[in-house]
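Chemist: The structure's right below; bear with me while I get my questions together.
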Amino acid sequence: FLYCMEGVNRAAAATGEVKGSYLNITAATVEEMYQRAEYAHSIGSVIVMIDLVIGYTAIQSMAIWARKAEMILHLHRAGNSTYARQKNHGINFRVICKWMRMCGVDHIHAGTVVGKLEGDPLMVKGFYNSLLLTHLKINLAEGLFFDMDWAALRKCVPVASG
């Protein structure tokens, strides 16, 4: 983490632009993730990343920690394809988007219409809408099968990597 933040700071100083890196704090236990997150915070990081495979309780625990520490929490989709690419069973990524929004994740790797997380343009739009809108209307083309009111629940920003 230290070398990474050193590079971020050097690049920001050289360009005059804001730079950053998602420091991956994923570990075998929540206690270890707390330690990694606290270290990332202490060396100046404003964002940390966790992988989907850590499980929902750990995701929500890290979201609560990040909120208290005023850090941004990014969720990487590692492991998602093991259950999302199955056409006959599994969990659609739209459901994961909704769960992660409810867990309190700030960013999620939501994919685009091209690349390794590719999808139909309307399907991807449905993912993004599930993360960003406060009220969802039925839209079968986007995979939204019922109205959903998110009320005051925080939004989750969809991001795509290079």
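Quick note: the coordinates plus some simple rules give every number you see, no bench work behind them. The shown structure was predicted, so the numbers you read here are calculated from the model rather than taken from an experiment. All Cβ positions, even for glycine, are placed from backbone atoms using ideal geometry, and neighbour counts span all protein chains on display.
Chemist: Largest first and in whole Å, what are the equivalent-ellipsoid semi-axes of the range 1-76 based on the Cα gyration tensor, each being the root of 5 times an eigenvalue?
Modeler: Output for the range 1-76: semi-axes of 24, 11, 11 Å.
Chemist: At 7 Å along the Cα-to-beta-carbon direction for both I47 and V159, put a label point, then send me their distance in nm to one decimal.
Modeler: In this crude spin-label approximation the distance works out to 0.2 nm.
Chemist: Springs between alpha-carbon pairs under 10 angstrom, Gaussian network model over the chain: which of E38, E142, E17 fluctuates most?
Modeler: In the Gaussian network model the winner is E17.
Chemist: Further question: With 10 angstrom as the radius, rank Y22, Y56, Y34 by how many other C-beta atoms surround their C-beta, starting from the fewest.
Modeler: Y56, Y34, Y22
Chemist: Assign unit charges at the C-beta atoms only (+1 for Lys and Arg, -1 for Asp and Glu), then state the dipole size of the chain relative to its Cα centre in Debye, rounded to the nearest 20.
Modeler: Around 300 debye, computed over the chain.
Chemist: Would you order W150, W65 from fewest to most other beta-carbon atoms within 10 Å of each residue's own beta-carbon?
Modeler: W150, W65
Chemist: GNM on the chain, C-alpha springs below 10 Å: top fluctuator among L73, L144, L131?
Modeler: L144
Chemist: Still on this structure: Would you work out which of G44, N24, T57 lies farthest towards the positive end of the dipole of the range 1-76, given +1 charges on the beta-carbon of Lys and Arg and -1 on that of Asp and Glu, about the Cα centre?
Modeler: The Cα lying farthest towards the positive end belongs to G44.
Chemist: Quick one: in the chain, what % of C-alpha pairs are over 18 Å apart?
Modeler: So the portion of pairs separated by more than 18 Å is 62 percent.
Chemist: Separate question: Taking a spot 7 Å from the Cα of A12 along the direction of its beta carbon, which residues of the range 31-74 have an amide N less than 12 Å from it?
Modeler: Answer for the range 31-74: 43-47.
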